[in-house]
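Worksheet: the structure to be examined is printed underneath.
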Amino acid sequence: MLCRAYARVLAEELREVIAQGCDYIQFDEPMWTESPEDICWSAAILNELIDSLPRVRVALHICGGNPRRKRIYFTKYTDLVPGFRLVHIDEVLLEHCTLGYNLMDLWRLWDFKGDLSLGVIDQRSDVIETPEVIRQRVQPALEYFSADRLLLTSECGFGHVPLE
C-alpha cells in the first residue's frame with residue numbers, strides 16, 4: 001500500500017529531526033473529513049508511524065477544509081470517533097468557532113485523555129475577536145478539559161488570508 005510506504009519514509013525523516021532535538025510532532029490530516037470511511041485504516045497507518053518514533057509529544061490536526069476561507073468539507077468530528085479512538089496522540093487540534101454543529105458533542109463520545117488545542121480565532125472573518133468573544137468560545141470546552149489541558153489557537157486556513 002502506497003500510504004504505508006510513504007509513512008515509512010516520513011518516519012525515517014522524523015527520526016532524524018527528533019535526533020536533532022525536536023520533541024513535538026504535529027500531523028495535519030486533511031482527508032479524514034473528506035473521506036470518513038477511510039479513517040480506521042488511516043489511523044492504523046498513522047499509529048504504525050507514531051509507534052516507530054522515539055517518544056515525543058504527538059499532535060493531530062483534523063482539517064475542516066478551509067481553502068480560500070470557505071468550508072469545503074462538512075463531515076462532523078463526531079463521525080470520526082472510530083478513528084479518534086484509535087490514534088496514539090497526546091494532543092488534538094480542532095476547529096471550533098466556525099463549525100455548523102457543537103464540537104462539544106465529540107467529548108460525549110470520545111473520552112480523550114490528552115490536550116485539546118481549540119480553534120477560537122476565525123480566519124474566515126476580517127473582524128478581530130474581542131477577549132469576551134474568545135472567552136465565550138472557550139467556556140464550553142472547560143466542561144471537558146481542565147485549563148491545563150486546553151490550548152487556544154486559530155482555526156486552520158490562515159495560509160489563505162492576505163497579510164494586509
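Only the coordinates and a few stated rules stand behind these numbers; no lab work does. Treat the numbers as computed from the prediction; the structure is a model and nothing was measured. Cβ placement follows ideal geometry from the backbone for every residue including glycine, while neighbour counts extend to all protein chains displayed.
Full extension from Thr78 to Cys3: what is 0.36 nm times the residue separation minus their Cα-Cα distance, to one decimal in nm?
On the way: separation 75, 0.36 × 75 = 27.00 nm, distance 2.47 nm.
Answer, rounded to one decimal: 24.5 nm.
Can you put Cys63, Cys40 in order of Cβ neighbours within 10 angstrom, beginning with the fewest?
Final ranking by Cβ density, sparse to dense: Cys40, Cys63.
For the pair Asp126 and Trp41, what calculated FRET efficiency results from E = 1/(1 + (r/R0)^6), where r is the Cβ-Cβ distance and R0 = 30 Å, to the nearest 0.05?
Using R0 = 30 Å, I get an efficiency of 0.15.
Compute the long axis of helix 39-51 from its Cα atoms, compare it with the longest principal axis of the Cα atoms of the chain, and write down the angle in degrees, 0 to 90, nearest 10.
With both axes taken from Cα atoms, the answer is about 60 degrees.
If R0 is 30 Å, what FRET efficiency do you get for Val17 and Gln139 from their C-beta distance, rounded to 0.05? Write out the running numbers ahead of the final one.
Numbers: r = 37 Å, r/R0 = 1.22.
Calculated transfer efficiency: 0.25.
I'd like the orientation of helix 2-19 relative to the chain: the angle between its Cα long axis and the longest Cα principal axis, in ° from 0 to 90, rounded to 10.
90
Can you tell me the alpha carbon radius of gyration of the chain divided by the globular rule-of-thumb value 2.2 N^0.38 Å? Write down the numbers at each step before the final one.
Working: Rg = 16.3 Å, N = 164, 2.2 N^0.38 = 15.3 Å.
Normalised Cα radius of gyration, the chain: 1.06.
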